[in-house]
Amino acid sequence: MDEVIQVTQWLSSITPRKKAKLFFFTTHAEAPSPMVGSNDVDTHEETQLPLATTVALHNFKNIDEFLKKKVNTFSCYNVIENEITKTDYDYLRFYSACKYLDVVPPFLDLEKISAIQNKLEMTDEERDYRLLLDSADLVLEKVCDSLKPAGVSQMWTALRKDRNLIRGVKTIDIIGFFVDPNPTGIKECLFFFIVRFLQKADKINRVNTNRLERLIAQCDESSSCEEGKTIDFIIDSLRFYPTELYPFGFCLIMCVIEGRDGAMQEIEKTMEISRHLGMITHTERNPTKETIELVKKELMQPKYQFYSSFTCWFMSHGDSNSMVLADGETIEREWFLTSFPDISTFQLKPKVFFMVSCRGANKFSLKGDEFEGQSATCDYYDIGSALIRNRMLDITDSVRDISYVQPMMDTLVAYSTILDHLSGRANTHGSIYVDRACVLMSENISRGRSLTEILEHLSHDLHEILQETMDEDRIVYKQACHYDSFFRKTLKLPYTRHPKEDVHSAPQ
């Protein structure tokens, strides 16, 4: 069959809502770097003009033309070995979006997809199409689905009132002030236009969504929300780190085995809970400083841009400032913690570090006959509160910036013990902290708990446990863990999402 006819038939089989979503998913997400042609990015007109004209004219002609152009580009494209191009990235994004929406063109060359994945050195686990979807866009899709056409129209009216923001923007004028978002697919186009406009204006990104939240907060709840949804519910969904679908993120496990009883148990437990959470996991046994440098270099590769979070378990002996590596050398804990968050592939994404080692020799000793022989080792204020807001300092958009971010932002560091104190171990099971952390995370999957809630529970649980030193003094003591957080959103644990167990149903 002629390719033109095939493309026409394929487009005619897609509903207007899915066309709007397919356009949205394929016109965003920062492309990984380094890559060839990275300067050839989507222009303002390419990402917003088709949406604007579709809303204004109530037809999908320009979106259809955009999708045709994409398909034709991929059809003529020859995958270049050893060079990562913008088209490689676009091809993967387009394929994953089609797969997610259940609209994969029957004529799409899947061998090219495989060739691109080979070039990116993707493992079998990483070839799951869900990895290629932008989790932030999936959250925004759910926000759109939670709003009625009237709600999106009210957001548009509120946006139009911000003269400083919209001044001189031609696509805003194309749509006009009053919009009828009721025809099928028009609500989605208008909402996605608002999102892309705010992103291009550098007002929102995957972490900073305050400006979008303020638009939603101005909607009338009775007419703007789909059944069972509320304004608070919709805004709250934007206050979590976007970690939709599988995988939940990438997990790096580094464990020094030499001279640490139970270390293999630590590895098994952390691997099990990481996979149970839906993470793709890599383990380094007996790491050295060279190992750490190689891992950092690996994490800068383009494929890691597709991950939505990063978790690292580091388990070794240590003291107040440093950690002991497998070859007996030490590294400064602060150097380790500050070198990973600055990796570009994980910027604006949650990064969690579990640092499991002693930080000194002190211990909170328990004295008294009753302890002898006891041991376990055998913003936000309410957006809608106008009265409160009127009493607060007026922080205007002109003094806000989301472009420059401190490297440690969006990072959480969890320590197995407090400064200058021991971190307890069991002879056969390794770190008690690791054991209890894995148990509590496993128990709280599917309960909608955040990571910080679980860490608080862990602090409570660990501090109840009586431990005993392994020397001849046999001192009974307690251990206290804590964490330092630079998070700007809440990180929720995912529901169990094993690849083989995930049942995908296409969005409407």
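The values are calculated or read from the model by the stated rules, or taken from the named source; none is laboratory data. What you see is a predicted model; the values in this text were computed from it and never measured. As a convention, Cβ positions derive from the backbone with ideal geometry for all residues, glycine included, and neighbour counts pool all protein chains shown. Side chains are part of the model used for accessible areas, which takes the heavy atoms of the whole protein and leaves out ligands, DNA and RNA. Shrake-Rupley method; radii C 1.70, N 1.55, O 1.52, S 1.80 Å.
How many residues does the range 118-140 hold that are among the β-branched types (Val, Ile, Thr) and surrounded by 18 or more Cβ atoms within 10 Å (Cβ to Cβ)?
Here the count works out to 1.
All but one of (1) touching a Lys or Arg at 6+ places or on another chain (Cβ under 8 Å); (2) assigned by the TED database to the domain that holds ILE14; (3) open to solvent by less than 30 Å² (accessible area, probe 1.4 Å); (4) not small (Gly, Ala, Ser) hold for ILE113, so report the exception by its number.
All conditions are met except number (1).
Looking for whichever is over 15 Å from the mean Cα position of the chain (by Cα), surrounded by 19 or more Cβ atoms within 10 Å (Cβ to Cβ) and at pLDDT below 95 here; the options are ILE204, ILE216. Which one fits?
Being over 15 Å from the mean Cα position of the chain (by Cα), surrounded by 19 or more Cβ atoms within 10 Å (Cβ to Cβ) and at pLDDT below 95 holds for just one of ILE204, ILE216, which is ILE204.
When only residues in the range 54-85 that are open to solvent by less than 40 Å² (accessible area, probe 1.4 Å) and charged (D, E, K, R) count, which is modelled with the highest pLDDT?
The extreme case among them is ASP64.
Given (1) in contact with a Pro (Cβ under 6 Å, 6 or more places away or on another chain); (2) closer than 23 Å to ALA136 by Cβ, where does MET254 come up short, assuming only one miss?
For MET254, the exception is condition (2).
Let me spell it out: the conditions are (1) of a type outside the set (A, V, I, L, M, F, W, C); (2) open to solvent by 30 Å² or more (accessible area, probe 1.4 Å); (3) modelled with pLDDT of 95 or more, and ASN164 meets all of them except one. Which number is the exception?
Going through (1) of a type outside the set (A, V, I, L, M, F, W, C); (2) open to solvent by 30 Å² or more (accessible area, probe 1.4 Å); (3) modelled with pLDDT of 95 or more one by one, ASN164 breaks only (3).
Name the residues in the range 13-33 that are open to solvent by 40 Å² or more (accessible area, probe 1.4 Å) and at pLDDT below 95, would you?
HIS28, GLU30, SER33
From the list GLU472, GLU468, GLU464, GLU443, which residue is at pLDDT below 90 and either touching a Cys at 6+ places or on another chain (Cβ under 9 Å) or among the basic types (Lys, Arg) (or both)?
After ruling out the rest, the residue left standing is GLU468.
When the range 281-311 is examined, which residues are found to be surrounded by fewer than 20 Cβ atoms within 10 Å (Cβ to Cβ), outside any helix (DSSP H, G or I) and not hydroxyl-bearing (Ser, Thr, Tyr)?
HIS282, GLU284, ARG285, ASN286, MET300, GLN301 - these are the residues of the range 281-311 that are surrounded by fewer than 20 Cβ atoms within 10 Å (Cβ to Cβ), outside any helix (DSSP H, G or I) and not hydroxyl-bearing (Ser, Thr, Tyr).
Tell me which helices (runs of 4 or more DSSP H) are completely within the range 156-219 and hold 3 or more residues being among the basic types (Lys, Arg), or say none if there are none.
Answer list for the range 156-219: 186-200.
Condition first: open to solvent by less than 10 Å² (accessible area, probe 1.4 Å), of a type outside the set (Gly, Ala, Ser) and in a helix (DSSP H, G or I). Now tell me which residues in the range 88-110 satisfy that.
Of everything in the range 88-110, those that are open to solvent by less than 10 Å² (accessible area, probe 1.4 Å), of a type outside the set (Gly, Ala, Ser) and in a helix (DSSP H, G or I) turn out to be ASP88, TYR91, LEU92, PHE94, CYS98, LEU101.
Report the residue count in the range 86-103 for those that are at pLDDT 95 or above and of a type in the set (Val, Ile, Thr).
1
Residues checked against (1) open to solvent by less than 20 Å² (accessible area, probe 1.4 Å); (2) assigned to a helix (DSSP H, G or I); (3) at pLDDT below 90:
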{"site": "LEU419", "(1), (2), (3)": "no, no, yes"}
{"site": "THR452", "(1), (2), (3)": "no, yes, no"}
{"site": "LEU455", "(1), (2), (3)": "yes, yes, no"}
{"site": "HIS504", "(1), (2), (3)": "no, no, yes"}
